[in-house]
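Worksheet for the structure shown next.
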Amino acid sequence: MRYEPRITQMNTHTDQISKSRRSFLGLLPLGVLAGVFASIGGAAFRFLRPRLSAPSEQWLDVAALSELQGPQPLAKKIVAEQISGWAVTTDEHNIFVLPQKNNQVLSTICPHAGCEVSWEQSTNRFACPCHDSYFTADGSRISGPSPRGLDALPTRVQDGKLQVQYRVKEDGETHA
Amino acid sequence: MNTPVSNHRSNGLSVWLQTTGGVVGVLLLVQFLTGILLAFYYVPSVDHAHTTVSYIEKVVSSGSWLRSLHHYGSQWLALFVFLHVVRLFFDKSYGDRRIGWVAAVVMLGLVMAAAGTGYTLPWDARAFFSARVAEGLMSGLPFVGRNARFWVLGGNEISTITLSRFFAVHVLIMPFAIIGVIVWRFRSCVSWANLNRNTIAGGVVFVALAIWCAKFPAPLGPPVEAMTADYLPRPGAQFLWLYQLLKYVPGGLGSIAGVVLPGLAVGILVVLPWLGARMRKPIGGAVLAGLVLTVTTMTFFAYMSDLHTREQLARQATEETKWRTEPFNPQLLQSAQRESQTSGSTGGPPEMYQKFCVNCHGPRGEGAQQGTLRFPPLLDVAAKPRRTTEDIVALLKDPTAYGLQPPMRSFSDKLTEEQMREIAAWVVQLKR
């Protein structure tokens, strides 16, 4: 009983020490969890970051020059290879060749919202079925919400054949 | 219910022995996080599994490290769950903290099942053999063997359906079951008495695992179709004991040794708390001692017996290292519609090709897969030695003379010389 005051004093002292130790140690589990999440999270960011597929430099056959005749745009199909991550896919795209304009090739993707335009024989113009954009026979914009005319694709002539490069830009629009 | 984890041991080392739960918790967290990430690229089909895993290994940033964490983490997890069970046994948890005990034992079973199903997913040579072993273990089960095999494979034989089943069990059923066990365990009794030491131990083990995985990528064998006859498949460390054990057990008894006995051991440990108070310790001790003895001796023997085959294993390791340095080749995906169009551009296949060859070699000579059989593509075949038009005609008459094996057969009785020549002429011009 004689020693009681001293013991109480000591207890208060150790209590204070262990309190501050406890509040520090209380953060420890959080710290370890944060460490695990941070290291895997950092790797996860690099792991999940999307990869841009390089624009295809491939020249794709459209048709022999001898076939490309006539006053009107000619609808053609090309098959382009696209590398998406671990897979190579072959995607079919529609294009228009303009024999009257030195065989210029137009993408059929409407620059407005990405629908495919078609050739209207009766009115002699391209029409977008989605939002009523119209384009002349050489692809320039007539009316509607499209910000510009139809995009032209790079072309060349090789061994008597018209060839085209089909590119997809980062923002998803065709060609440069 | 709030019994402190440790009330009778508080000195130095023994307190740290109480931290197995924390390590298991951190390792489980790592498995969940890395597993979710791997699912962003992995495709569970025999056509794409190996390609997508290769892509993760070779192309995706940090992919190799994250996959290695998942691979080796699963092995460390099995070890630490087992140590946790042993530790709880010495604490006599089966007596006063039944739910903690049962949860740990069930967790051991779930972790092994998750590892077993996950092992098949990369669909490399190892994975294929592990599916074969699972098939064998199931079919040897007494009474239910035939049906067990049928249900596990999802059909008569190992196929892409089998892979889908293993995938679904691995990524849906096992994680939910594991989360269920964790929730059940922590609802009954939570003790935060030793939390700091648990997290420190978990953190230390995580750092060790992270460094290990940065040094050692998870193994990936050759794809099943590129596997050579001398390939030696070896399972992950947590299954080496089973692999070695099956060498000593004849035929159908393998299922008893590999499935029934371990199942029985886990079953006995689960019901341990409800056995007579005097029987718990000797029975549980005997089962655990049996497990420890079997696993350690068999694993040791497995490593020892591989000393005889170390040359072949070293060759495989060298090939794997070489494969890692080769650039990744994306895989060509084509729809049937496109195939017919492209074949049109090179000139369609001859009529007789359509009749006799197309089922195995594909409409464009791109090869095909039927069940576990892979038929080689014919594209670029002319670039190989002994594959001129003349050679192919001769090969169609007598495939064995060209080193080909069944199911490739002689077509002397089906095709005329002219038809063979027509097919050969078409085949040599096929290009990738």
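Each reported figure results from applying straightforward, stated rules to the coordinates on display, with no laboratory input. Given the structure is predicted, the values throughout are model-derived calculations rather than measurements. Cβ placement follows ideal geometry from the backbone for every residue including glycine, while neighbour counts extend to all protein chains displayed.
Assorted remarks:
- Compactness index (Cα Rg / 2.2 N^0.38 Å), the protein assembly as shown: 1.30
- The phi torsions of region B:321-330, fed into the Karplus equation with coefficients 6.51, -1.76 and 1.60 and a -60° offset, translate into couplings of 4, 5, 4, 5, 7, 6, x, 6, 9, x Hz, rounded to whole numbers, with Gly and Pro shown as x.
- Counting, for every residue in A:86-99, the Cβ atoms of other protein chains within 10 Å of its Cβ and taking the mean gives 4.
- For peptide A:34-42, the mean count of partner chain Cβ atoms within 10 Å of a residue's Cβ comes to 4.
- Long-range HN-HN contacts of B:Leu332 with modeled amide H, under 5 Å: A:Val88
- Segments B:235-247, A:74-86 sorted - mean Cβ within 10 Å per residue, highest first: B:235-247, A:74-86
- Helical content of chain B, expressed as a calculated mean residue ellipticity at 222 nm, amounts to -19500 deg cm²/dmol (DSSP H runs of 4 or more residues, -39,500 (n - 2.57) each, divided by residue number, nearest 500).
- Global form of region B:52-146, assessed from the alpha-carbon gyration tensor, a/c cut-off 1.5: oblate
- Cysteine residues of the protein assembly as shown whose Cβ has no partner cysteine Cβ closer than 4.7 Å: B:Cys189, B:Cys213, B:Cys357, B:Cys360.
- Averaged over the residues of peptide B:203-210, the number of Cβ atoms from other protein chains lying within 10 Å of each residue's Cβ is 3.
- Global form of region A:60-164, assessed from the alpha-carbon gyration tensor, a/c cut-off 1.5: oblate
- B:Val15/B:Phe301 FRET efficiency (R0 30 Å; Cβ-Cβ; nearest 0.05): 0.25
- Part-to-part distance (alpha-carbon centres) for region B:243-274 and region A:101-174, which is given in Å: 69 Å
- Pairs from B:Lys247/B:Lys281; A:Lys77/B:Lys384; A:Lys161/B:Lys431 whose Cα-Cα separation, in the structure shown, is over 26 Å: B:Lys247/B:Lys281; A:Lys77/B:Lys384
- Applied to region B:416-421, the Karplus parametrisation 6.51 cos²θ - 1.76 cosθ + 1.60 on θ = phi - 60° returns per-residue 3J(HN,Hα) values of 7, 4, 5, 5, 4, 5 Hz, with x for Gly and Pro.
- For region B:50-62, Karplus couplings with θ = phi - 60° (6.51, -1.76, 1.60), whole Hz, Gly/Pro x: 5, 4, 5, 5, 4, 4, 4, 5, 9, 9, 6, 4, 6
- Descending Cα extents along the principal axes, chain B, whole Å: 90, 47, 42
- Cα centroid separation - region B:391-409 against region B:135-177, whole Å: 36 Å
- Hull shadow area, averaged, region B:198-262 [alpha-carbon convex hull, nm²]: 7.5 nm²
- Estimated from the Cβ-Cβ distance and a Förster radius of 25 angstrom, the FRET efficiency linking A:Lys161 and B:Val59 is about 0.15.
- Sequence ranges A:89-98, B:318-327, ranked by mean other-Cβ count within 10 angstrom, highest first: A:89-98, B:318-327
- Amide proton proximity set for B:Glu366, modelled H, under 5 Å, gap of 5+: B:Leu378
- In degrees, nearest ten, helix B:195-215 long axis to first principal axis of chain B (Cα): 30 degrees
- Under 16 Å of direct C-alpha separation, and excluding same-chain neighbours fewer than eight residues apart, B:Lys215 reaches these lysines: B:Lys58.
- Angle between chain B longest axis and helix B:125-139 axis [Cα atoms, degrees, rounded to 10]: 70 degrees
- Long-range amide H partners of A:Arg125 with built H, under 5 Å: A:Glu120
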